[in-house]
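Structure first, commentary second.
The values are calculated or read from the model by the stated rules, or taken from the named source; none is laboratory data. Remember, predicted model here, so these are calculated numbers, not experimental data. Cβ placement follows ideal geometry from the backbone for every residue including glycine, while neighbour counts extend to all protein chains displayed. When the accessible area is computed, the model is the full protein with side chains, heavy atoms only, and any ligands, DNA or RNA have been set aside. Shrake-Rupley method; radii C 1.70, N 1.55, O 1.52, S 1.80 Å.
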Amino acid sequence: MTSHGQTAPADAVPEDARTHLFNDRNLDRYRRAVTEGVERVARRVARADRPFTGVSPARLAERISGIDLDRPLHDPTAALDELDEVYLRDAVYFHHPRYLAHLNCPVVIPALLGEAILSAINSSLDTWDQSAGGTLIERRLIEWAAGRVGLGSDADGVFTSGGTQSNLQALLLAREEACAKAMAGSPSLPRHEILRRLRVIASADGHFSVTKSARLLGLEPGAVILVETDERRRMRPDALARELDRCRRDGLQVMAVVATAGTTDFGAIDPLPEIADLCGHADVWLHVDAAYGCGLLVSKTRRHLLNGIERADSVTIDFHKSFFQPVSSSAVLVRDAATLRHATYHADYLNPAYAAEQRIPNQVDKSLQTTRRFDALKLWLTLRIMGPDAIGELFDRVVDRAAQAWELINADPRFEVLAKSQLSTVVFRYLPPEGPARKLTDDANLHARQALAASGQAMVAGTKVDGRHYLKLTLLNPETSLDDIAHVIGLLAGHAERYVTERSPLHCGTA
């Protein structure tokens, strides 16, 4: 039984399975199927008057769990009808101007063109003999990105699945460099003893993937040292200096300092020049997580906010955040291409050692992944059709809008707003009137966010700061207007006020 009550005939004879293969004999079927799918998406986007329907997990799970995957529909149109009901209708639409929750961006059309092409050709970027020109396009994009960062002529890198993988690979390289340094100084020191002494220093507002990576890399529990931030939520260089000195005195080896260029909550950019000075003096690997802030690399007005990033040993970039690319499109860049050898393993059937000697460009030699999509094509077509200045203009628009949103909320007596972002987030909370109702602050903000999402009219994020619950706007849509933001703020205030009114002692006593 399909979701529309249709049942595939029990005696239906499946057509030759080969007719579903993408090849020269089935191009008409390919054109029809893809065109119909594109039209379904276009119709949904045209009708989406809100970012979400508010459907509950339980309700949607009930629909999907009832589908018998052993009984195909044998009809693309019927399958798309079903997909419309179980996915497209209730999808969260990031293109909508009132989606203000996470670091999800609307995507540009040239990148969608690239997505369609790369999916059909299905190149795998692990070896040259599976990708040919795809390999060289990815390498050229890495060269371009490293040039924008300013890493120098010896730089290299590779595309990844996202910032978490990029951070993991950067810290893997840092770990191996630190181990090599320790073994050079003490050849008899066992590797497990070296690992026990390794430490990573990061901002208290840095990304959780740093701690997760340390665990995956076999470091000691507590190996990640989080240092305090200033009033703008940026890493304090004096606190970093103290931790570097303490580790030295305690016989611990700092394998990496992780600075952030765009923290998830506050969009804060750590003071990169000062941090680079300290890392240089201590001879410590500097990794900059610019997954969010990388859009500044193509900004005509704000590139200076990344000054100092050119002194990093490795950099994380997420094009699927601030370059308006579909997921996934990310990269890890390194100052010294030779450090990528720590991710290299040779398999005789895939990338034998003699291939490197023959200078065959196998990207698997640099990557944690083996089979890997040609995600670089999306960025390539975006740059060739739009150009980097156009991307920078879009990112500047969302940063400008976030600054206006901060002023708007800061002027509203119903809310408390925290540090002004250098990028495009706003962290704030509803504050009930002074008195007993103030105890309901956390619950009121939690309720307001949940009620807004359930209504589907808009979506915002939430976070905790110093143990208290806050709301968060993350702006990545250049089409979001100040009127959109004001409307969402009004909805949040209404939900929070009703919650407080219904639960205040005076209201309860009257009831």
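Count of the range 42-53 residues, restricted to those that are over 11 Å from TYR93 (Cα atoms) and surrounded by 15 or more Cβ atoms within 10 Å (Cβ to Cβ), is 0. I'd like to know if the range 202-211 contains one or more residues that are in contact (Cβ under 8 Å) with a residue 60 or more places away in the chain, under 24 Å from the mean Cα position of the chain (by Cα) and more than 26 Å from LYS464 (Cβ to Cβ). Within the range 202-211 (the criterion being in contact (Cβ under 8 Å) with a residue 60 or more places away in the chain, under 24 Å from the mean Cα position of the chain (by Cα) and more than 26 Å from LYS464 (Cβ to Cβ)), the answer is no, since none of the residues qualifies. Filtered by the rule that a residue be over 20 Å from ALA291 (Cβ atoms) and open to solvent by less than 20 Å² (accessible area, probe 1.4 Å), the range 111-131 gives GLY114, LEU118, SER124, LEU125, ASP126, THR127, SER131.
I'd like to know if the range 410-428 contains one or more residues that are at positive phi and not hydroxyl-bearing (Ser, Thr, Tyr). No - not one qualifying residue is present in the range 410-428. Taken over the range 97-110, the residue count meeting the criterion of being touching a Pro at 6+ places or on another chain (Cβ under 7 Å) and open to solvent by 20 Å² or more (accessible area, probe 1.4 Å) is 2.
Residues checked against (1) under 16 Å from SER123 (Cβ atoms); (2) touching a Pro at 6+ places or on another chain (Cβ under 6 Å); (3) buried (at least 21 other Cβ atoms within 10 Å of the Cβ):
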site	(1), (2), (3)
ALA331	no, no, yes
VAL334	no, no, yes
THR344	no, no, no
TYR354	no, no, no
GLN358	no, no, no
ASP375	yes, no, yes
LEU379	yes, no, yes
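Tell me yes or no: at least one residue of the range 141-152 is β-branched (Val, Ile, Thr), crowded, with 17+ Cβ neighbours inside 10 Å and farther than 28 Å from ARG359 by Cα.
The answer is no, given that none of the residues of the range 141-152 is β-branched (Val, Ile, Thr), crowded, with 17+ Cβ neighbours inside 10 Å and farther than 28 Å from ARG359 by Cα.
Of the strands (runs of 3 or more DSSP E) contained entirely in the range 401-468, those carrying at least 3 residues that are free of Cβ contacts under 8 Å to residues at least 60 places away in the same chain and crowded, with 17+ Cβ neighbours inside 10 Å fall at 425-430. Restricting THR2, THR7 to those that are open to solvent by less than 90 Å² (accessible area, probe 1.4 Å), over 20 Å from ALA91 (Cβ atoms) and at pLDDT below 95 reduces the list to THR7.
Listed by first and then second residue, the pairs linking a residue in the range 174-191 that is farther than 14 Å from MET255 by Cβ to a residue that is in a helix (DSSP H, G or I) and of a type in the set (Gly, Ala, Ser), with Cβ atoms under 8 Å apart and 6 or more places separating them unless they lie on different chains, are LEU189/ALA182. May I ask you to list the residues in the range 274-317 that are touching a residue at least 24 places away in the same chain (Cβ under 8 Å), under 14 Å from ARG148 (Cβ atoms) and among the charged types (D, E, K, R)? The answer is LYS300, ARG302, GLU310. Could you please let me know if GLY163 is surrounded by fewer than 17 Cβ atoms within 10 Å (Cβ to Cβ), of a type outside the set (Val, Ile, Thr) and touching a residue at least 12 places away in the same chain (Cβ under 8 Å)? Criteria not met by GLY163. Scanning the range 23-58 for residues that are assigned to a loop (DSSP other than H, G, I, E, B), within 30 Å of ASP484 (Cα to Cα) and not aromatic (Phe, Trp, Tyr) yields ALA48, ASP49, ARG50, PRO51, THR53, GLY54, VAL55, SER56.
Looking at the range 120-202, the helices (runs of 4 or more DSSP H) lying wholly inside it that each contain 1 or more residues that are within 25 Å of LYS212 (Cβ to Cβ) sit at 133-149, 163-185, 191-197.
Restricting to the range 217-247, and then to whatever is in contact (Cβ under 8 Å) with a residue 40 or more places away in the chain and open to solvent by 80 Å² or more (accessible area, probe 1.4 Å), can you tell me which residue is nearest to THR425 (Cα to Cα)?
Looking at the filtered set, the residue picked out is ARG232.
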